[in-house]
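Just so it is clear, none of the values below were taken in a lab; they were calculated from the coordinates. These numbers were taken from a predicted model, which means no experiment stands behind them. Counting neighbours? That spans all protein chains shown, and the Cβs are built from the backbone with ideal geometry, glycine included.
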Amino acid sequence: MADHIESVLTEKRSFPPSDEFASRAHIRSRAEYDALVSRARENPEAHWEAIARELHWFKPWSQALDWSNPPFAKWFTGATTNLSYNCLDRHLTTHRKNKAALIWEGEPGDIRILTYQMLYQEVCKFGNVLKKLGVERGDRVALYMPLVPELAIAMLACARIGAVHTIVFGGFSAEALRDRINDAKAKLVVTADGGWRRGQVVPLKANVDAAIENTPTITGVVVYRRCGNSIVMKAGRDHDWGEMMAAVDARCPAEELDSEHPLFILYTSGTTGKPKGVLHTTGGYMTGAYITTKWVFDLREEDTYWCTADIGWVTGHSYVVYGPLANGAASVMYEGAPNHPDPGRFWQIIERHGVNIFYTAPTAIRAFIKWGEQWPAKSDLKSLRLLGTVGEPINPEAWMWYREVIGGGRCPIVDTWWQTETGAIMITPIPGAVPTKPGTATLPFPGIDAEVVDKQGKPVPPNSGGYLVVRKPWPSMMRTIFGDDERYKRQYWSEFPGCYFTGDGARRDSDGYFWIMGRVDDVINVAGHRLGTMEIESALVSHPAVAEAAVIGKPDDLKGESVFAFVTLKQGQEGTPALRDELKAWVVKEIGAIARPDDIRFADLLPKTRSGKIMRRLLREIASGKATGDTTTLEDRSVLEKLRAQEEEE
Ligand code: WT7
């Protein structure tokens, strides 16, 4: 690990919440926010207890936090609850009974709306289907589905009966599915014949067939018919969703589950080794997902809320399904690609459903920038009142574009930092209270004790880089890596004793705002100066010709590492040698000579994982001319071929 990370990006623009926004917000001023933060600091447990009391518990807790065996936390011990009950039953005695819970659009253009009452009925029925197929409390169920309402139904049905879901993103291969099923020892797979993606059918059932040739724990498969593509149904093993649902009754009481009952396992990649099964449990996760959705998105009863994430990622778990439904919100789901049938699709969805709150990823925003302003200009986006981002640092120029072009200059932007492991948003502006600045996730959520420390674990002074840690347990924290307590301890709790280590580098500015500098392994060392690759990328993206940039360190005899930049240009721009020189000079102007890229390679597209993360390891290998290793998580293989071909030309 690096000793010390230098931070060189400076950003002076600041956007306080408008009076109009603040006056109607849950948290209306900086003073109110500061009071909340200091109460939470004095007594974090009382703070979380007050929030948890907004939800339904069958039996109250005897202790808010049991931290007697760190790092294994127990929250709300002795209590019983049920997350499916809190997302559904709780609303049925209120005006929300006939409110839209899910507003869903399929990629081909079909629309379905499920009210809370309708969703409740479906969830109860599927709970009974699961039981009929022998699923019991604590059993794991793998969900490998397209983004259809039935995925949310299956999740809520698992939660209802105390089964543990493990969702595998529909873009993963049969191999990846098999490994996850085996690690989780899942009993059942729920899938679909296929799912729509850019007008093509993704053959989910065929992948399941291949995956479960080698999964000894699987006893059955439930298949939802989405695309009507031809599939093989194996008698005795495979069950048709529709037929099963028609044969069960619609009463399925929510089980009273211990607060620490496991809720889900979600696999995420580490820097080394096989994917880690991040385990989340019931009461604490519910509390975190609920309150962050309410305060960060400033959710109001009448809002139409849209988080564009796939449910196969944690963002979809917490902010498409559980957080919004626990709040009784109307949550929009869209099945397909943002550019199908054309790059205006998202903006049409916003206009059609009158979306008020829109939460997406910087990688998507950079794609929209590349496709051009003419697409959002075709739709009426005036319903929007709040924008959010998550997943990676957002370049200040992309932030400004988002604010002006999508938000019409009037919507606050919440840049939310968190991880699969944290379960819920950790560092974020509270939109009615905290002024935003482009490129920073601002301040910790009330009750979260985040800090930037040096290698010895001591807080670093303002504006110097360090390691992002969390010093106190919080309710939605992961409980362990499924089946590997030792790896959980080692990976997250051994680097800085007593602290959760996020793996991210960060700095705090003189206002105490957190600037995430990316994973510490994305830090490069140039002549003894450690630079966050994100900062150089932001500088490149701020050039008018550039749409996206990825910077990696290339081994260099003199400097340790040299700066190697892959750059995607906006449509209509040409990657000439003159532009290459101009961009180098631009970075020098924006950051300084230390960050000058030694190499710039123009690329049509960058190699990304299916979740949109740039595969820096591959870029490093390309930059150093080495043979490439594992590419199984790469979204589009042709990208790699193109980059390699260019290498030969040069
Ligand atoms: C990593 C977690 C949490 C949902 C999506 C990703 C990076 C996430 C931000 C942000 C800068 C961010 C961090 C983090 N990250 N949000 N707002 N600003 N970086 O979940 O796959 O678990 O990845 O994503 O590096 O550690 P994940």
query = Taking Lys584 as the anchor, which lysines have their alpha carbon closer than 28 Å to its alpha carbon, excluding any fewer than eight residues away along the same chain?
reply = Lys12, Lys370, Lys437, Lys554, Lys559, Lys570, Lys608, Lys613, Lys626, Lys642
query = If eta is 0.890 mPa s and T is 25 °C, what Stokes-Einstein diffusion coefficient results for the stretch 417-500, Kirkwood Rh from Cα pairs, in µm²/s?
reply = 174 µm²/s
key: Where Rh is the Kirkwood radius over Cα pairs, Rg/Rh for the chain   = 0.95
Rg/Rh ratio calculated on Cα atoms of the stretch 122-198 (Kirkwood radius) = 0.96
message = Using only Cα atoms and rounding to the nearest 10 degrees, what angle (0 to 90) does helix 577-590 make with the longest principal axis of the chain?
response = 80 degrees
remark   = If amide H atoms are modeled at 1.01 Å from N in the peptide plane, then the residues at a separation of 5 or more from Thr166, or on another chain, having amide H under 5 Å from its own are Val141, Ala142, Leu143, Ile265
ask   = What is the mean projected area of the alpha carbon convex hull for the stretch 176-286, to one decimal in square nanometres?
value = 9.8 nm²
task = Using only Cα atoms, tell me the angle between helix 174-184 and the longest principal axis of the chain; keep it within 0 to 90° and round to the nearest 10.
result = 60 degrees
query = Considering amide H positions built from the backbone, and no H for Pro or chain starts, which residues 5 or more places from Thr115, or on another chain, come under 5 Å of its amide H?
reply = Ala101
message = On C-alpha positions alone, give me the angle between the axis of helix 637-649 and the longest principal axis of the chain, in degrees, nearest 10.
response = 10 degrees
task = Just order 78-88, 337-347, 151-161, 540-550 by mean Cβ neighbour count inside 10 Å, highest at the front, would you?
result = 151-161, 78-88, 540-550, 337-347
remark   = For the stretch 89-255, averaging the sequence separation of alpha carbon pairs under 8 Å that lie six or more residues apart and dividing by its residue count, the contact order in percent is 22 percent
inquiry  = For a protection proxy built on the mean count of beta-carbon atoms within 10 angstrom, sort 569-576, 367-374 highest first, please.
reply    = 367-374, 569-576
Distance histogram for the stretch 1-113 (every C-alpha pair counted, 10 angstrom bins, percent rounded to whole numbers) = 10, 20, 25, 28, 16, 2
message = Need the C-alpha centroid separation for the stretch 339-403 versus the stretch 472-508, integer Å.
response = 33 Å
ask   = the stretch 89-255: Rg/Rh from Cα coordinates, Kirkwood Rh?
value = 0.96
task = Evaluate the charge dipole of the chain about its Cα centre and quote only its size in Debye, nearest 20, assuming +1 on the Cβ of each Lys and Arg and -1 on the Cβ of each Asp and Glu.
result = 1020 debye
inquiry  = How far apart, in nanometres, would the label points at Gln456 and Trp493 be if each is projected 7 angstrom from Cα along the Cα-to-Cβ direction?
reply    = 2.5 nm
key: Per residue convex hull volume, Cα atoms of the stretch 352-494, in Å³   = 150 Å³
task = Determine, from the Cβ-Cβ distance of Arg41 and Ala250 and an R0 of 51 Å, the FRET efficiency 1/(1 + (r/R0)^6), rounded to the nearest 0.05.
result = 0.65
key: At 1.567 mPa s and 4 °C, Stokes D of the stretch 249-308 from Kirkwood alpha-carbon radius, µm² per second   = 88 µm²/s
request  = Report the net charge of residues surrounding Tyr224, where surrounding means a beta-carbon distance below 10 angstrom and charges are Lys +1, Arg +1, Asp -1, Glu -1.
outcome  = 0
